[in-house]
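The values are calculated or read from the model by the stated rules, or taken from the named source; none is laboratory data. Not measured: the values here are computed from a predicted model. Reconstructed Cβ throughout: ideal geometry from the backbone, glycine too, with neighbour counts over all protein chains shown. What goes into the accessible areas is simple: the full protein's heavy atoms, side chains included, and nothing from ligands, DNA or RNA. Shrake-Rupley method; radii C 1.70, N 1.55, O 1.52, S 1.80 Å.
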Amino acid sequence: MKIKVKPEFRGMIALNVHPFGCRQAVREQIASVGRRGKFAGCKKALIIGGSSGYGLATRVVSAFGCGADTIGVSFETGVSGKRLGSAGWWNNIWFKEEAEKCGLVARNFVGDAFSREMKDEVIDYIKREFGGQVDWVVYSLASGRRTDPADGRTYTSALKSIGCEVEGATIDINKKKIVTGRMAQASDEEIAATIKVMGGEDWLLWIEALAAAGVLARGCKTTAYSYDGPKATRAIYGGGTIGAAKRDLEAKGREIDRIMKRLGGEGFVTVCRAIVTKASVYIPLLPIYVSVLFKVMKERGVHETAVEHIYRFMRDMVYGNRRVTDDEGRVRPDNWEMDPAIQAEVERIMPQVNDDNLETITDFAGFMDDFLKINGFGYEGIDYDGELDSDELARYRY
Ligand code: NAD
């Protein structure tokens with residue numbers, strides 16, 4: 001079937017994807033690492049949630065920065081009829097293609113990372129075909145639901161505030177207007193469910209399973225990504241249900257560190273900077289905050305894309321000697337975002353943003369550009385008016 005694909009959205013949900021735009025996105029990330037150069041780091045990496053956002057960036061830096069073989073686990077959908085699959089589906093395919101061109105192993109597992117079966121399958125593969133051990137395990141899942149393998153119950157996370165209802169302005173991207181959304185107060189059950197989905201339980205289950213199977217190399221390191229954010233987003237992020245889940249992630253991180261230390265390695269939570277991803281645009285206030293933040297960071301020459309951010313994090317803070325940590329032992333590559341001078345400027349601009357100045361006093365254009373690019377739109381050199389053949393695309397294998 002021949003189809004034309006144009007960017008279409010329902011709210012913040014992308015309704016279609018351009019497979020060759022996604023190829024461009026993956027290639028640009030690889031080129032960005034290529035320009036920065038190689039450094040000594042991991043050799044065998046397992047990225048859980050490796051098909052988009054920070055997980056994909058980590059996979060790209062591991063492979064093209066450190067020369068590592070990689071395993072990526074993700075939950076994505078392929079081509080079916082007129083639907084051309086999800087961006088992450090294509091990112092997996094293109095990443096593998098590029099890695100193999102360089103003689104690197106790139107194995108994709110597509111399915112539910114929360115399940116016991118997925119853990120067993122990955123462990124079995126590491127033992128049989130991946131050299132027996134991994135030395136870098138990154139947990140970068142962002143999900144709205146999780147079925148707990150212990151009792152088979154499915155939990156759904158809630159993006160809500162804790163303690164009181166909160167108003168949060170966000171951007172209607174179709175109308176380019178500010179809209180005020182209300183963030184309802186979470187019930188205790190909703191807080192607990194969000195912790196179940198986005199907390200640290202599953203990261204711990206992965207590490208326990210990998211350690212018990214003997215597939216963690218001596219000196220292996222593991223991290224999970226978190227976000228802290230400034231005062232501007234505190235009521236919605238840090239102080240809300242998602243923040244509660246991240247505190248749980250940090251608590252589990254300390255348990256994980258004890259397991260890793262026995263293997264001469266380490267486990268820690270990494271607080272990353274705010275970027276535009278499939279997951280982050282849902283969070284009220286974040287689109288406005290990010291648009292202002294991009295403007296300020298770009299003006300001061302300290303803006304980083306996801307892959308640039310992860311490159312600096314891995315080179316300097318994981319495998320180098322320029323690690324920045326906080327009082328709780330979290331690693332803080334978000335130090336540039338949280339720089340008091342940057343935040344003071346963001347705080348000055350944020351209250352002034354309205355429909356008329358959205359495109360002048362913020363970098364809304366940069367936000368939109370990144371948002372479109374997640375799904376392969378807005379790249380030069382891609383013929384967006386041309387037709388794609390879905391039957392041909394369905395033949396690609398990850
Ligand atoms: P993303 O949506 O781009 O990626 C999420 C990944 O999780 C994808 O690879 C997806 O396939 C995978 N996934 C989801 N459910 C799965 C399942 N059941 N089984 C297997 N794979 C599954 O998200 P992101 O923004 O890169 O977020 C990754 C992590 O980084 C999150 O923990 C997030 O809190 C953190 N983080 C994000 C930001 C930001 O601004 N985006 C900032 C700091 C930290």
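Below, the figures for the structure above:
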item	result
Charge tally in the Cβ shell below 13 Å around GLN352, where Lys, Arg are +1 and Asp, Glu are -1, GLN352 excluded	-2
Per residue accessible area of the stretch 1-97, 1.4 Å probe, in Å²	37 Å²
Solvent-accessible surface (1.4 angstrom probe) belonging to ARG323, in square angstrom, nearest 10	90 Å²
Sequence of MET198, MET338 from largest to smallest accessible area, 1.4 Å probe	MET338, MET198
Accessible-area value, CYS102, 1.4 Å probe, nucleic acids and ligands omitted, Å²	90 Å²
Computed E for ARG323/GLU165 - FRET, C-beta separation, R0 45 angstrom, nearest 0.05	0.70
Sparsely packed chymotrypsin sites (Phe, Trp or Tyr not before Pro) within the stretch 1-89, loop by DSSP, other Cβ within 10 Å at most 13	none
Normalised contact order of the chain, rounded percent, pairs of Cα under 8 Å and 6 or more residues apart	21 percent
Phi to ³J(HN,Hα) by Karplus 6.51 cos²θ - 1.76 cosθ + 1.60 over the stretch 218-230, Hz, x for Gly, Pro	4, x, 4, 10, 9, 9, 10, 8, 9, 9, 10, x, x
Sites LEU263 and LYS231 - FRET efficiency at Förster radius 41 Å, r taken between beta-carbons, to 0.05	0.60
List ASP135, ASP202, ordered by accessible area with a 1.4 Å probe, largest first	ASP135, ASP202
Accessible surface of the chain, 1.4 Å probe, proportion on carbon and sulfur as whole %	49 percent
Estimated distance in nm for a label pair at LYS101 and ASP389, the labels positioned 7 Å out from Cα along Cα-to-Cβ	2.2 nm
Euclidean distance between Cα centres, the stretch 1-67 to the stretch 345-398, Å	15 Å
The stretch 246-349: relative contact order as a whole-number percent, Cα under 8 Å and 6+ apart	29 percent
Reach of LYS44 by Cα under 17 Å, taken over lysines that are not fewer than 8 positions away in the same chain	LYS96, LYS119, LYS127, LYS221
Counted charge near VAL276, where neighbours are those whose Cβ lies closer than 12 Å (Asp, Glu -1; Lys, Arg +1)	0
Contact order relative to length of the stretch 293-360, as percent, for alpha carbon pairs under 8 angstrom and 6 or more apart	29 percent
Counted charge near PRO19, where neighbours are those whose Cβ lies closer than 11 Å (Asp, Glu -1; Lys, Arg +1)	-1
The stretch 221-260-the stretch 72-140 distance, computed between alpha-carbon centres (Å)	25 Å
Selection of GluC sites (Glu not before Pro), the stretch 290-384, meeting DSSP coil and at most 10 other Cβ within 10 Å	GLU380
Difference of contour (0.36 nm per residue) and Cα-Cα distance, ASP356 to ILE178	63.1 nm
For the stretch 180-265: accessible area per residue (Å², 1.4 Å)	39 Å²
Calculated [θ] (222 nm, deg cm²/dmol) that DSSP helices of n ≥ 4 give over the chain, each run adding -39,500 (n - 2.57)	-11500 deg cm²/dmol
Three-way shape label, the chain, alpha-carbon gyration tensor, a/c 1.5	rounded
Whole-Hz couplings from phi, Karplus 6.51/-1.76/1.60, listed for the stretch 54-71; x for Gly and Pro	5, x, 5, 4, 5, 5, 5, 5, 4, 6, 8, x, 9, x, 8, 6, 9, 10
